[in-house]
Every structure is written in structure tokens, then in C-alpha cells.
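Input: a single structure, listed below in C-alpha cells.
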Amino acid sequence: MSLPYPGYFLSFEGIDGAGKSTHIEAFGELLKVRYPDHEVVMTREPGGTPLGEQLRNLLLDAPMNLETEALLMFAARREHIAQVIEPALQAGKIVISDRFTDASFAYQGGGRGLSLDKLNALEQWVQGRADGALLQPNLTILFDLPGSIAQARRSQVRAPDKFEKMNLEFFERVRQEYLRRVKADPKRFHTVDATQTREAIWEELKSLSIEFK
Ligand code: TYD
């Protein structure tokens, strides 16, 4: 079922170190110029609201039970949808979120091993609409890269948070779950080969077009 919003919802995904953060701000600026009639809202998960940002601090720092972690991710997401994403889409804005539900499937599911049944149930609960449709991004740009390259890139630039301290096998599982999500819903995704140079990736992003309802 298609969604009734006049706005456009875009998410960026990828394993830590794949390079999405390098491009997301610039892509937002590009869309502002290209679609001057649509305000661009930049946001992120976990986070995006005052409550969500508090939950983010806990999630990225504190060790916790896997189910607790998934529930908090989706609690933050529910608040984000209600306070930020849906109102913006209803007002015709472009929402760009640095991560959304695919990250929960990839990290809590693929990485840490939470069952797909539980994740599907949470997704239905948190993104299900009264008309039966599921709120999903119109387009998800996935930065795809082998875990070993991502790990090498990460170690050069920053101190790791809780997730970034995980081992290579964890990130390979995260990557494989992202790729499984692409296969399950190929029309929603644009997969970028993140082993390319920064310039080549930017050219590829510039060539993407988005279509409003
Ligand atoms: P990230 O988006 O990489 O931000 P930064 O560039 O500031 O590090 O960090 C968010 C982390 O949260 C990342 O390691 C993935 C993790 N995460 C999940 O495990 N599940 C989720 O549902 C979301 C949204 C993020």
C-alpha cells in the first residue's frame, strides 16, 4: 500500500565506517537547491527528538540486554515518527534520516541475533498506520562495504562507541542483513559500492532523482 504523504522520506544506512556521514549533509544541501519548494529536515536515529537523543546516549554507551536494546531503539523511533517524521512528510517536507529501521534489523538482528519475528513485530507496531500501510522510507541509500575495510577506516578517525567496538564477524553479519533487506525490497534501496573514491560516490549520489507523489 502506498503512503499518502506529499513529502519524501529518505534514509542513509551502512555499517560503521562505510562513509555515509561524509555525504549526508552535502546531499541534504543538494536537495535544498534542487527542490526549493520542499523544506529539507535532517535527522538521525537513534535520536531525532529530545527524548530520542537521551535514549541514544544510553544505547551507544550502556551495555544492555538485547531485547531491552531493541525495545529502546523502537521506542526512540516511535517518538521520532510521531514528533518529527510524520508531521514533516504531511507538510510536504523532505526528511533525511541518518539510519532508520534497517539498522535495527542489521545490528540487533544480524549483528546481535534478535529474531526476525520480534523485529517484524516491532516494525509493525511502531511503523504501522491506521490504514494498514507501513511507514517506510521512499528511498534508502545503503553504503555497502566489506567489514574489514570499514574497520580499517574507522580505526583511523575516531574513538569507538559501544557498537563500533564489536569484532569483524559482527560487522560482517550486520552487512549481510543489510544485503538481505535489499534483496527483500529492491525497489526501496539504492546500494552504493562504498569501496569507490569519495568523488565517485558523490557523482553517483548526484545522479539520483527523487519523485514526489
Ligand atoms: P552512527 O549512525 O554510526 O552515528 P555516528 O556516525 O555518530 O557514530 O551510530 C549509531 C549507532 O547505532 C551505529 O553503530 C548503529 C547503531 N544502531 C543500532 O544498533 N540499531 C538501530 O536501530 C540504529 C538506528 C542504530
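Contact order normalised by length for the range 82-164, with contacts defined as Cα pairs under 8 Å and 6 or more residues apart; what percent is it? Walk me through the intermediate numbers first.
Working: 20 pairs, mean separation 8.9, N = 83.
This gives 11 percent for the range 82-164.
Taking 0.36 nm per intervening residue step and subtracting the Cα-Cα distance, what contour gain separates Asp61 from Lys206 on full extension?
The span from Asp61 to Lys206 would gain 48.7 nm if fully extended.
Roll a 1.4 angstrom probe over the protein heavy atoms and tell me the percent of accessible area of the chain that is carbon or sulfur.
That share works out to 53 percent.
Take every Cα pair under 8 Å in the chain that's 6+ residues apart, average their separations, divide by the length, and report that relative contact order as a whole percent.
Relative contact order here is 33 percent.
Within the P(r) computed for the range 2-53, what percentage of the Cα pairs occupies the region above 18 Å?
Here the long-distance tail beyond 18 Å is 46 percent of all Cα pairs in the range 2-53.
Quick one: Debye curve from the alpha-carbon atoms of the range 15-79 only, equal weights, vacuum; give me log10 I(q)/I(0) at q = 0.21 Å⁻¹ to two decimals.
For the range 15-79 at q = 0.21 Å⁻¹, log10 I(q)/I(0) is -0.92.
Using the Kirkwood radius over C-alpha pairs as Rh, can you work out the diffusion coefficient of the chain via Stokes-Einstein at 4 °C, viscosity 1.567 mPa s, in µm² per second?
This corresponds to a translational diffusion coefficient of 74 µm²/s.
Multiplying the sequence separation of Ser2 and Arg180 by 0.36 nm and subtracting their Cα-Cα distance, what value in nm do you get?
Between Ser2 and Arg180, full extension yields 61.9 nm more.
Name the residue, out of Gln136, Gln90, Gln127, whose mean-square fluctuation peaks in a Gaussian network model built on the chain with Cα pairs under 10 Å.
So, out of Gln136, Gln90, Gln127, the one fluctuating most is Gln90.
Taking the Cβ-Cβ separation of Arg34 and Ala91 as r and a Förster radius of 25 Å, what is the calculated FRET efficiency to the nearest 0.05?
With R0 = 25 Å, the Cβ-Cβ based efficiency is 0.85.
Please compute the length gained on full extension between Asp117 and Ala159, using 0.36 nm multiplied by the number of residues separating them and subtracting their Cα-Cα distance.
Length gained, Asp117 through Ala159: 11.8 nm.
Using a Förster distance of 41 angstrom, determine the FRET efficiency expected from the C-beta separation of Lys213 and Glu25, and round it to 0.05. All intermediate terms of the calculation are to be shown ahead of the outcome.
Values: r = 26 Å, r/R0 = 0.63.
Calculated value: 0.95.
Considering only DSSP beta bridges whose two residues both sit in the range 8-206, what percent are antiparallel, to the nearest 5? Walk me through the numbers before you get to the answer.
On the way: 1 of 21 bridges.
In the range 8-206, DSSP labels about 5 percent of beta bridges as antiparallel.
Classify the range 148-213 from the C-alpha gyration tensor, please: rounded if a/c falls under 1.5, else prolate or oblate depending on whether a/b exceeds b/c.
Oblate, since a/c reaches 1.5 and b/c is not below a/b.
Taking a 26 Å limit on the Cα-Cα distance, which of the listed pairs Lys118/Lys162; Lys20/Lys206; Lys93/Lys165; Lys118/Lys213 fall beyond it?
Going by Cα-Cα distance, Lys93/Lys165; Lys118/Lys213 fall outside the 26 Å limit.
Would you calculate, for the chain, the mean residue ellipticity at 222 nm contributed by helices, counting each DSSP H stretch of 4 or more residues as -39,500 (n - 2.57) and dividing by all residues, to the nearest 500?
On the way: 8 runs with 96 residues, N = 213.
Computed mean residue ellipticity for the chain: -14000 deg cm²/dmol.
The values are calculated or read from the model by the stated rules, or taken from the named source; none is laboratory data. All of these numbers come straight from a predicted model, not from anything done at the bench. Quick reminder, even Gly has a Cβ in these numbers, built from the backbone with ideal geometry, and neighbours come from all protein chains shown. These area figures cover heavy atoms from the full protein model, side chains too; ligands, DNA and RNA do not enter into them. Shrake-Rupley method; radii C 1.70, N 1.55, O 1.52, S 1.80 Å.
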